[in-house]
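Values quoted throughout were computed directly from the atomic coordinates according to the rules given, and no laboratory measurement underlies them. Just so you know, these numbers come straight off a predicted model, no measurement behind them. As a convention, Cβ positions derive from the backbone with ideal geometry for all residues, glycine included, and neighbour counts pool all protein chains shown.
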Amino acid sequence: MKADALRGHLDGLLLATLDGKRLHGYAIIEALQQRSGGVVSLPTGTVYPALRRLEKGGYVRSEWSTVGGRQRRSYSLTPAGKNSLENERREWREFTAAIEGVLCGATSAV
C-alpha cells in the first residue's frame, strides 16, 4: 500500500504501533508490515519525518541507546500521544461505521 493511500491515517498508525512499546524506527516499520499482513509497507523517508513531527508535537518521546556498537533511537508514547491515539481510534470507528452504512446499504433511524 502506498503512503498516499494512508494520508490522514499515518499518525494514528504510528501511535498504535507504539502503544505499550518502545521501538526503534525500523522495528516500527516492521511492526506495521506484520500487523497489516504485509499490506502497509512504508519507506523510511515517510516514517522518520513523521516520527520527528510527532516528537516535536509532544506525542512521542525518543531515547538514544547503543546496540551492537551502533546508536539507535527508540520511540515511545507520551501521555499526550496516548490521548491522541484514543481519539484516533474513536474517530476511526465512527468513520468506518459511516462508510459501512453507505457501502453496505445499512439504514439508521434518523
Looking at (1) in a loop (DSSP other than H, G, I, E, B); (2) within 25 Å of THR96 (Cα to Cα), which is the one condition that is false for ALA31?
(1)
Have a look at ALA31, ALA80 and point out the one that is in contact with a strand residue (DSSP E or B) (Cβ under 7 Å, 6 or more places away or on another chain) and free of Cβ contacts under 8 Å to residues at least 24 places away in the same chain.
ALA31
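Of the residues that make up the stretch 39-52, is at least one farther than 15 Å from LEU10 by Cβ and either touching a Ser or Thr at 6+ places or on another chain (Cβ under 8 Å) or exposed (fewer than 10 other Cβ atoms within 10 Å of the Cβ) (or both)? First the steps, then the outcome.
Looking only at the stretch 39-52, we keep the residues that are farther than 15 Å from LEU10 by Cβ, and these are none.
No, because not a single residue in the stretch 39-52 is farther than 15 Å from LEU10 by Cβ and either touching a Ser or Thr at 6+ places or on another chain (Cβ under 8 Å) or exposed (fewer than 10 other Cβ atoms within 10 Å of the Cβ) (or both).
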The lone exception for ALA16 - which of (1) surrounded by fewer than 16 Cβ atoms within 10 Å (Cβ to Cβ); (2) in contact with a Leu (Cβ under 7 Å, 6 or more places away or on another chain) it fails:
(1)
Would you say ARG72 is part of a strand (DSSP E or B) and either under 12 Å from the mean Cα position of the chain (by Cα) or charged (D, E, K, R) (or both)?
yes
Those residues of the stretch 54-77 which are without any contact (Cβ under 8 Å) to a residue 24 or more places away in the chain, of a type in the set (D, E, K, R) and surrounded by 14 or more Cβ atoms within 10 Å (Cβ to Cβ) amount to GLU55, ARG61
